[in-house]
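Here is the structure we will look at.
The values are calculated or read from the model by the stated rules, or taken from the named source; none is laboratory data. Keep in mind it's a predicted model, so treat the numbers as computed, not measured. So basically every Cβ, Gly included, is an ideal-geometry build from the backbone, and we count neighbours across all protein chains shown. The area values use the complete protein model at the heavy-atom level, side chains included, leaving out ligands, DNA and RNA. Shrake-Rupley method; radii C 1.70, N 1.55, O 1.52, S 1.80 Å.
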Amino acid sequence: MLIDTHAHIMFPEFDEDREEVIQRAMDAGLERIICVGCGAGSSEAAVKMAQEDESGFLYATVGLHPYDAMEVSDELMARWEKWILADKDAAEESGGARKIIAIGETGLDYFKSKVDPEKQKYSFKKHLELAVKMGLPVIVHNRSADEDCLNLLKEFSRDGGGYKKLIRDCGCEENDMAPVKAVFHCYGSTLEFARKVWAAGFMTSFTGIITYPSAKDLREVVKEVPLDKFMVETDCPYLAPQGNRGKRNEPSYVVETAEKIAEIKGMGLSDVEKQVMENTKKFFGF
Ligand SMILES: [Zn+2]
């Protein structure tokens with residue numbers, strides 16, 4: 001069993017055959033798909049898909065990608081907060097699972113995003129506040145912004161000023177509000193930075209990139225990642241693993257990434273799957 005922790009199957013790339021894509025994921029032995037929002041529109045679509053899905057296979061997140069950080073507003077954050085609370089109430093009432101299970105993707109992209117870095121940081125911070133307030137983990141997109149990403153996350157860690165302020169503002173105790181939990185999705189930075197991420201208690205998640213022949217440095221990161229610090233994802237429709245490289249990616253292909261991790265770490269596939277499931281369930285609170 002595996003979970004694709006980062007899929008964008010609400011994108012138009014899947015409009016023609018979404019049901020078949022989901023079926024193939026089930027047939028490949030996936031247990032769940034997490035549909036990750038990256039704008040106001042795609043977040044709404046992800047939540048709708050997860051809430052309409054009665055099989056318990058689809059889950060959603062809400063967030064603004066650094067490319068779309070200019071969409072951030074208090075109004076949007078308040079709307080998402082309302083959705084999250086309503087979703088939590090509905091789950092409690094029905095005895096079912098929560099469908100909105102994380103905040104993101106959010107983060108910083110100094111390589112490709114056209115949005116001013118200060119605006120990106122503002123948006124990232126708003127997401128981190130919402131995540132801590134709602135008790136949800138955060139999915140972080142980081143490109144060429146290693147230190148700024150880590151520093152902002154540390155602001156919302158146990159001793160961080162942002163976290164302490166949230167506690168003061170709500171008048172609650174530290175025990176009532178956990179510090180931020182985060183995953184660096186589609187990890188692509190150096191081994192040296194990965195060590196800092198792990199030391200700070202954060203997770204790393206790997207995509208099909210680790211199967212590309214050129215990704216030697218990244219395979220060193222996989223080799224060294226502590227067993228409790230990784231998850232797998234597709235980031236589909238992008239980044240199909242080597243076996244389907246250049247084609248549209250889809251959740252069922254996440255198996256190839258898990259196989260690569262097993263090969264790199266010298267583990268059996270079933271042991272990698274077991275570990276990934278344990279890490280994923282713990283991180284998202286299933
Ligand atoms: Zn993504």
Segment 107-151 - Rg over Rh from alpha carbon coordinates, Kirkwood radius: 0.98
Would you compute the Debye intensity of segment 122-172 from its alpha-carbon atoms alone, equal scatterers and no solvent, and pass along log10 I(q)/I(0) at q = 0.32 Å⁻¹ to two decimals? -1.40
Residue span ASP15 to ALA91: 0.36 nm per residue of separation minus Cα-Cα distance leaves a gain in nm of 24.5 nm
Over all directions, the average projected area of the alpha-carbon convex hull for segment 1-70 comes to how many nm²? 4.6 nm²
Filtered GluC sites (Glu not before Pro), segment 1-67: DSSP coil and at most 11 other beta carbons within 10 Å: GLU16, GLU54
Mind checking which of THR204, LEU227, GLY161 is farthest towards the positive end of segment 145-231's charge dipole, using Cβ charges of +1 (Lys, Arg) and -1 (Asp, Glu) about the Cα centre? LEU227
Packing-based ranking, highest mean first, of 239-248, 165-174, 137-146 given that Cβ atoms within 10 Å are counted: 137-146, 239-248, 165-174
Output needed for segment 70-133: three equivalent-ellipsoid semi-axes, defined as square roots of 5 times the C-alpha gyration tensor eigenvalues, in descending order, whole Å. 28, 11, 8
Using +1 on the beta carbon of Lys and Arg, -1 on that of Asp and Glu, and nothing else charged, what's the dipole of segment 1-141 about the Cα centre, debye to 20? 660 debye
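Classify segment 26-115 as rounded, prolate or oblate, taking a ≥ b ≥ c as the square roots of the eigenvalues of its Cα gyration tensor: rounded when a/c is under 1.5, otherwise prolate if a/b is larger than b/c and oblate if not.
Working: a/c = 2.98, a/b = 1.46, b/c = 2.04.
In terms of gyration-tensor shape, oblate.
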How big is Rg to Rh over segment 19-171, alpha-carbon atoms, Rh as the Kirkwood inverse-mean-distance radius? 1.00
Carbon and sulfur together cover what percent of the accessible area of the chain at a 1.4 Å probe radius? 48 percent
Add -39500 (n - 2.57) for each DSSP H run of 4 or more in the chain, then divide by its residues: what number comes out at 222 nm, to the nearest 500 deg cm²/dmol? -14000 deg cm²/dmol
For LEU227, put the label point 7 Å out on the Cα→Cβ axis and report which residues of segment 181-204 keep their amide N under 13 Å from it. none
Å² per residue, accessible surface of segment 177-284 at 1.4 Å: 41 Å²
Compute the Rg to Rh ratio over segment 212-273 from the alpha carbon atoms, using the Kirkwood formula for Rh, and round to two decimal places. 0.95
When the C-alpha atoms of segment 81-169 are aligned to their principal axes, what extent does each axis show, in angstrom, from largest down? 44, 30, 17
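Which helices pass in the chain if a helix is a full DSSP H run, must span at least 27 angstrom along its long axis by Cα, and must have mean Kyte-Doolittle hydropathy not below 1.0?
Once both thresholds are applied, nothing remains.
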For labels at PHE57 and ASP271 in the simple 7 Å Cα→Cβ model, what's the distance in nm? 3.1 nm
Show log10 I(q)/I(0) for the chain at q = 0.07 Å⁻¹, two decimals, from a solvent-free Debye sum over equal Cα scatterers. -0.23
Hey, rough spin-label estimate for MET26 and LYS196, points 7 angstrom out along Cα→Cβ, what's it come to in nanometres? 4.4 nm
Charged-residue dipole, Cβ positions (Lys, Arg, Asp, Glu), the chain about Cα centre, Debye nearest 20: 820 debye
